[in-house]
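Written out below as structure tokens is the structure these notes cover.
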């Protein structure tokens, strides 16, 4: 990952997707070589000189102020995730060159694992910015059974590796293209936040080398946050699931997020989750918690 090149390509890609009409600029006759904004149009909208904007789009953000970056956010109509990414890239391009670092091992605190285990009816797990799953409850492991089934020793399950390198993911995600695009956009945002993360660099290099689809999506420079929404799954045991997800940042554990999945009460997905819970529960535990079984032994 080249910090200056990432800034250059991000700005160019955001400019290319915005038409003059969308930006509220007049459009005169004549053929336009590019469908999006020209550099001079982006500079006009941001209130900076063409030379200054061109320097930024070449990856040189030395001395750029927050007010100029916010002007670019407005000019290019960036959302909150894109705004944060732009600021991250600008900071990274200004930083002196540092060797890639291997981050300290992230651990899930016992209290967080206890919270996960207490969620007996809800798939839940904790992941980091690289999309490594660092901890999960029984339902979380059952929902992502294929991903947990085939994990290299010493390496945590990873959503991106599963999506792009495990052929079973094409059946698990009915909208595989959408799931793939989301995963890449999350890794893009993480690369902006932590450009010196060696494990992240290694992961991106692995996926770029082994998956043409990942490479194509990585080149779009799209970013997003993973906080709330609906996901669709086709589980090999319980069938189709439509689940609402919530992503909650763990305030005491920087970079870690707790994700939970719930279904609409009385819906087919809710019934499927109950079936998933019974499938995931070991027989001895199921007997121990079965009121009918207790009655039989009274």
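The values are calculated or read from the model by the stated rules, or taken from the named source; none is laboratory data. Note that the structure is a prediction, hence the values are computed from the model and not measured. When we count neighbours, we look across all protein chains shown, and the Cβ atoms used for this are built from the backbone with ideal geometry, even at glycine.
Laid out as a table, the results:
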| item | result |
| --- | --- |
| Filter result for residue 77 (assigned to a loop (DSSP other than H, G, I, E, B) and either touching a strand residue (DSSP E or B) at 6+ places or on another chain (Cβ under 9 Å) or touching a residue at least 40 places away in the same chain (Cβ under 8 Å) (or both)) | yes |
| Candidate set: the range 116-125, residues that are in contact (Cβ under 8 Å) with a residue 24 or more places away in the chain and not in a loop (DSSP other than H, G, I, E, B); chosen: the one farthest from the chain's Cα centre (by Cα) | 116 |
| The one condition in (1) within 15 Å of the chain's Cα centre (by Cα); (2) without any contact (Cβ under 8 Å) to a residue 60 or more places away in the chain; (3) surrounded by 14 or more Cβ atoms within 10 Å (Cβ to Cβ) that residue 244 fails to fulfil | (1) |
| Considering residues of the range 207-230 that are in contact (Cβ under 8 Å) with a residue 40 or more places away in the chain and over 19 Å from residue 5 (Cα atoms) only, the residue surrounded by the fewest Cβ atoms within 10 Å (Cβ to Cβ) | 210 |
| Of all residues in the range 151-180 being more than 17 Å from residue 128 (Cα to Cα) and out of contact with any helix residue (DSSP H, G or I) (no Cβ under 7 Å at 6 or more places or on another chain), the one that is surrounded by the most Cβ atoms within 10 Å (Cβ to Cβ) | 174 |
| Options 35, 26: the member that is surrounded by fewer than 13 Cβ atoms within 10 Å (Cβ to Cβ), over 17 Å from residue 8 (Cβ atoms), out of contact with any strand residue (DSSP E or B) (no Cβ under 8 Å at 6 or more places or on another chain) and without any contact (Cβ under 8 Å) to a residue 12 or more places away in the chain | 26 |
| Test set (1) surrounded by 15 or more Cβ atoms within 10 Å (Cβ to Cβ); (2) at pLDDT 95 or above - residue 197 fails condition number | (2) |
| Only listed residue being in the same structural domain as residue 180 (by TED's automatic domain parsing), closer than 13 Å to residue 123 by Cα and modelled with pLDDT under 95, chosen from 244, 280 | 280 |
| Residues (buried (at least 16 other Cβ atoms within 10 Å of the Cβ) and either in contact with a helix residue (DSSP H, G or I) (Cβ under 6 Å, 6 or more places away or on another chain) or under 20 Å from residue 118 (Cα atoms) (or both)) located in the range 247-269 | 253, 256, 257, 258, 259, 260, 261, 262, 263 |
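Residue by residue, here is whether (1) assigned by TED's automatic domain parsing to the domain that holds residue 192; (2) surrounded by 15 or more Cβ atoms within 10 Å (Cβ to Cβ); (3) farther than 18 Å from residue 221 by Cα holds:
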position: 13; (1), (2), (3): no, yes, no
position: 21; (1), (2), (3): no, no, yes
position: 44; (1), (2), (3): no, yes, yes
position: 53; (1), (2), (3): no, yes, yes
position: 70; (1), (2), (3): no, yes, yes
position: 73; (1), (2), (3): no, yes, no
